[in-house]
Amino acid sequence: MSARAGARPAAVRLPLGAPVSRARTVARDLVSLTKPRIIVLLLITELTAMVVVARALPSLRELFAALVGGFCAAGGSGALTCWWDRDIDSVMRRTASRPLPSGRLRAWHAVVFGLVLNAVAAVVLWWAASAAAAGLALLGTAYYVGVYTMTLKRRTSQNIVIGGAAGAVPVLVGAVIATGRISWLAVVLFAVVFLWTPPHSWALALVYRRDYAGATVPMLPAVASERATLRAILAYLLVLVPVSLLPGLAFGLVYAVPVAGLNLYYLALAVRALRGGTVRGVARLFHYSLLYLAAVFALAAAAALLGG
């Protein structure tokens, strides 16, 4: 028998798990906008800097301010950067699958998400720490997004040299949370991150130099030879080494000796990459740079707790 005229079509039933699966996908994409791998390293420098300047473990309130405020500030910066860079991300192999260039999220999602995270960071830091800590965190976001990403990144090969200061701001935020001021040790740790950033970023850019060239982003490896870039990396390391040893004035050999070892190995990797010029050597240099920074800050924190 034929269906009655005017009868309603049967409703299409979606699987019960479909909305949940979609929500998980969106949540995962939003988290990826924060660049969580970078945040981990930023939080390590922030938390260990707190221990170094206070020579004590942070209180639960200070820990809450650093972790939540630090994550939201850095994550908000990352989301806003993903929004601004979505055009160049779409033509780079390393970033083409990110939520915005792939179309999984819309541009305004990243903008709103980034602004909300920064607002949360400001409120948390103001309430749990101080207005100075909140102001420093927002200044770091403004510098990273406004100065580095929007102004320098596409205009000069010195982009990361100048803009890299933004990545060192969490050190100062941590110091202010822990002690209410910026001591000479905090300034030295800030300088360590500042000087470490170009060699670290240039090593990564060497691996993806064709991507940066194709996107017309003038990172040093995209506009200079590989050898010239490696020489620049080595030059920065030669400045970084003595600066990284300065906390030894406060903590003695318990800090200075292992950090000297880390420095010697870092220099050896740079020299080997300069002589060999292989992708594997450059990739090893990049990966060691991550371990190096975390280890230097961890050793400083350990020395501070040991009463150096």
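Which length gain, in nm to one decimal place, applies between ARG155 and SER21 when the Cα-Cα distance is subtracted from 0.36 nm times their residue separation? Mind dumping the intermediate values first?
Numbers: separation 134, 0.36 × 134 = 48.24 nm, distance 4.10 nm.
Residue separation times 0.36 nm, minus the Cα-Cα distance, leaves 44.1 nm.
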task = Please report the Cα spread of segment 31-305 along all three principal axes, rounded to whole Å, starting with the longest.
result = 48, 46, 24
note = Fraction of alpha-carbon pairs in segment 84-182 farther than 23 Å apart, rounded to whole percent, equals 39
task = First measure r as the distance between the Cβ atoms of VAL116 and VAL187, then evaluate 1/(1 + (r/R0)^6) with R0 = 35 Å and state the FRET efficiency to the nearest 0.05.
result = 0.65
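Taking other Cβ within 10 Å of each residue's Cβ, how do MET92, MET150, MET50, MET219 sort, fewest first?
Working: MET92 18, MET150 15, MET50 28, MET219 24.
With the sparsest Cβ surroundings first, the list reads MET150, MET92, MET219, MET50.
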remark   = Computed over the Cα atoms of segment 135-196, the Rg and Dmax in Å are 12.2, 38
ask   = So, in nm, how far is label VAL31 from label THR278 when the simple model puts each one 7 Å beyond its Cα toward the Cβ?
value = 3.6
Segment 281-293 - phi-based ³J(HN,Hα) in whole Hz, Karplus 6.51/-1.76/1.60, Gly and Pro as x = x, 5, 5, 5, 4, 5, 5, 5, 4, 5, 4, 4, 5
ask   = Comparing TRP127, TRP83, TRP196, which has the greatest mean-square fluctuation in the GNM of the chain with Cα pairs linked when under 10 Å apart?
value = TRP127
ask   = Hey, quick one: spin label on ARG210, modelled 7 Å out along Cα-Cβ, who in segment 78-119 has an amide N within reach, i.e. under 12 Å?
value = 93-94
task = Step through the residues of segment 139-156 one at a time and calculate ³J(HN,Hα) from phi using the Karplus curve (6.51 cos²θ - 1.76 cosθ + 1.60, θ = phi - 60°), rounding each to whole Hz and writing x for Gly and Pro.
result = 5, x, 5, 4, 5, 5, 7, x, 7, 6, 5, 7, 9, 8, 3, 9, 10, 8
inquiry  = Can you tally the net charge around VAL223? Count Lys and Arg as +1, Asp and Glu as -1, for every other residue whose Cβ sits under 14 Å from the Cβ of VAL223.
reply    = +4
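All of the numbers you see were taken from the coordinates with simple rules; none came from a lab. Being a predicted model, the structure only gives us computed values, none of them experimental. Ideal geometry is used to build each Cβ from the backbone, glycine not excepted, and the neighbour counts take in all protein chains shown.
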